[in-house]
Structure formats: C-alpha cells, structure tokens
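Scroll down for the structure; my scribbles are underneath it.
The values are calculated or read from the model by the stated rules, or taken from the named source; none is laboratory data. These numbers come from a predicted model, not from an experiment. So basically every Cβ, Gly included, is an ideal-geometry build from the backbone, and we count neighbours across all protein chains shown.
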Amino acid sequence: MIIKEEIFIEPFNLSRMLHIYIPDEIKKGERFPVLYMFDGHNLFFDEDATYGKSWGIKNFLDKAEGKIIIVGLECNHEGNMRLCEFSPYSFTDKRFGFIEGLGKITVDWIVDILKPYIDEKYPTLSERKYTGIGGSSMGGLMSVYAVGVRSDIFSKAACVSPFYDHVFGRLANEISKSQFNPDTKIYISWGRKEFRGSKELAIGTEKNLAMARIFSSKGAQVFPHLIIEGEHTEASWEKELPMIFYELDLIK
C-alpha cells in the first residue's frame, strides 16, 4: 500500500509530502528494510509523476512480493529549489543561474530527523545493514553524496543517472577523503541515450566509472551499469528495477 503524509522540514521551514510504500500484508512482529528515495512523487503512480510516468515501483514490488519499505521524499517544486535542495554544492548554470547547494542540509535532515521518525512509526529494521538511499538525476547525485559521506547510516545506494555537471570534482574530492564503511553496496547506472554524441557519452561514462573506482578503493562492492538503450526518463529507470533491487539485496 501507499501512504501519503506531510512532514515538516525544520531547516527549510516548510512541509513536504512523503510517499511511503509498505507491504500489504504484515505479520505480527514482522519488520522490513528501508530504502529512502528522492522525488517520491515520481516513484509509484503515474498520476502523481511530474511528466505523467512513474517508476512503477509499487507494481514491481507487488509482483515481486517485495518485503521492503520505501520512503519517498517529494521534491520542492517551487522555482529552482529542487536543484538547491538536491545539490550538495553551490554552482552556476547557464540555464538556471546560481544554485545554492543545500544538499548537505537535506541529507542531515534525512539522517537526524526523518529516519528516526520512520523507525518509530513504521515496522522497520533500523540497523545500517537494512538501510539504503536511492534516486535518479539530482536524486542520483544526492544518493552518491549521501552514501559517500554517511556510510555509517546507509549500507546500500541506488545512484541512477546521477547529475554531475558543475560539481563532480568537489564531489569526488569529498568522498575520497571521507570516512567510509567498506561493507557497502552501490549501484551506479547511466543511459547511452542521455548523452548527445559519443564525446559526451565518453565523458559521462568516465565520471561514473571514476566514482565507482573511488568507492571500490574504499572497499565497497560497486555495480556500474551502462544501459545501452537507457534514457533520462522514469520509463527507462523502471526497466532497471530488477537489477537495482536484486543486486543491492533489497529484496530476495
């Protein structure tokens, strides 16, 4: 089932919708792993999705009999605030102008406020080994960042089509220097059709492989995937769900 509830984000002084998937049938005393995801409105239902197509995660988990809780955090839809809240670093873009990086605040709030709240209210397995983070595009960037700097909390990360423009060097540098728990699994993917031409594809591929090498050097088990027919769309990311959930051992 899907539960929608508002939660107040104190650092940003605003309320935000959570989109939460929990298994339909729960036995007494049964508890579940948790995957926190960005852009929660795009995860489950087409009617909620920004572009009219969701990831279809509910359908996938229902058919797979997935015993997991998904906590989707809806983005801030006002102006460029999604970019701000989902970027760890400030940057300037030709199209969007100056973007103030508030992503560290977002990750700290997820770790310090959201996770304890979810663990108290829902039947979760709260330990690190059962806690993951995931997302696509800016959410993919945030997932790389979150697992890179807070592997004390997240043991798994699904980093789908991560957005690296303007921030890759700072991201790679911070993660390279961070303390890291090697008992971590990381899925990183990028689609060939996301890039305009072979040069952009080569650059994008090298960035993702460079990030994979950084994590591997720290002892993580990394699953890098170039999706040959992959596009920067929810319909494309939906096709990756079996790889994401099974390679990260999110469901059996």
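Restricting to region 153-183, and then to whatever is part of a loop (DSSP other than H, G, I, E, B), more than 15 Å from the chain's Cα centre (by Cα) and free of Cβ contacts under 8 Å to residues at least 40 places away in the same chain, can you tell me which residue is surrounded by the most Cβ atoms within 10 Å (Cβ to Cβ)?
Ser178
Exactly one residue out of Leu83, Leu35, Leu43 is touching a Leu at 6+ places or on another chain (Cβ under 8 Å) and either at pLDDT 95 or above or surrounded by fewer than 19 Cβ atoms within 10 Å (Cβ to Cβ) (or both), and it is Leu35. Residues in region 212-252 that are outside any helix (DSSP H, G or I) and closer than 20 Å to Ser178 by Cβ: Lys218, Gly219, Ala220, Gln221, Val222, Pro224. For region 110-134, a residue qualifies if it is under 15 Å from Glu6 (Cα atoms) and of a type in the set (Lys, Arg), and the qualifying residues are Lys115, Lys121.
What do you reckon, is Ala202 modelled with pLDDT of 95 or more, over 30 Å from Pro116 (Cβ atoms) and either surrounded by 16 or more Cβ atoms within 10 Å (Cβ to Cβ) or in contact with a Lys or Arg (Cβ under 6 Å, 6 or more places away or on another chain) (or both)?
no
Restricted to region 1-27, and to residues there that are buried (at least 16 other Cβ atoms within 10 Å of the Cβ), closer than 18 Å to Lys67 by Cβ and not aliphatic (A, V, I, L, M), the residue that is modelled with the highest pLDDT is Tyr21. Could you please let me know if Gly56 is surrounded by 19 or more Cβ atoms within 10 Å (Cβ to Cβ), small (Gly, Ala, Ser), modelled with pLDDT of 95 or more and within 14 Å of Gly135 (Cβ to Cβ)? When the stated conditions are applied, Gly56 does not pass them. Of all the listed residues (Lys252, Lys218), the sole one being within 29 Å of Lys129 (Cβ to Cβ), surrounded by fewer than 15 Cβ atoms within 10 Å (Cβ to Cβ) and of a type in the set (D, E, K, R) is Lys252. Need the failing condition index for Lys115 against (1) among the charged types (D, E, K, R); (2) loosely packed, with under 15 Cβ neighbours inside 10 Å; (3) modelled with pLDDT of 95 or more; (4) closer than 23 Å to Ile251 by Cα, just the number. It is condition (2) that Lys115 fails.
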